[in-house]
1. So for D42, D12, fewest C-beta neighbours within 10 Å to most, what's the order?
2. Give me the extension gain from N89 to A26: residue separation times 0.36 nm, minus the current Cα-Cα distance, reported in nm with one decimal.
3. Short version: ³J(HN,Hα) in whole Hz for each residue of the stretch 3-15, in order, from phi by Karplus 6.51 cos²θ - 1.76 cosθ + 1.60 (θ = phi - 60°), x for Gly and Pro, what are they?
4. Could you work out the mean projected area of the convex hull around the alpha carbons of the stretch 2-98, in square nanometres to one decimal?
5. So what's the net charge close to I31: Lys and Arg +1, Asp and Glu -1, counting the other residues with Cβ under 11 Å from its Cβ?
6. Can you find, among S75, L38, S11, the residue sitting farthest towards the positive end of the charge dipole of the chain, where Lys and Arg contribute +1 and Asp and Glu -1 at Cβ?
7. Treating cross-link reach as a plain straight distance, find the aspartates and glutamates whose alpha-carbon is under 12 Å from the alpha-carbon of K7, omitting any fewer than eight places away in the same chain.
Amino acid sequence: MVVKIYKFEKSDYSKLQAVTKQDHFARNGYIIREGKVLGVSDDDVYYLYIDGPEEFFQAHEKEILEAGGKPVEGSEYELVKEAIEREENNVATGLALFG
């Protein structure tokens, strides 16, 4: 499995939603988070986090890029990945406590 993260400008948010509503995205799974909410950006940007097999990206990355997604790399990638995974772990922990 590979984790890839893409950044979308606010102006491309509707395109991001259209892309992720497709069946193959729903089957694979993804997370969309606003940069400001994550505390990783002061800009109006959204991050698309996908954890999937390399074959998924080979088949569908072009759609993400055409919708305005820009691959996130380096220190920004690590920061965003950590923030999203921490948030998801907190949710899972909360569900386990109250579930």
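1. D42, D12
2. Answer, rounded to one decimal: 20.6 nm.
3. 9, 10, 10, 10, 9, 10, 6, 4, 5, 9, 4, 5, 5
4. 6.6 nm²
5. Value of the local net charge: -2.
6. Checking the options against the dipole of the chain, the answer is S11.
7. E34, D43, D44, E73, E76
The numbers here are math on the coordinates, done by the rules we state, and not lab data. Given the structure is predicted, the values throughout are model-derived calculations rather than measurements. Positions of Cβ are generated from backbone atoms using ideal geometry, with glycine treated the same way; all protein chains shown enter the neighbour counts.
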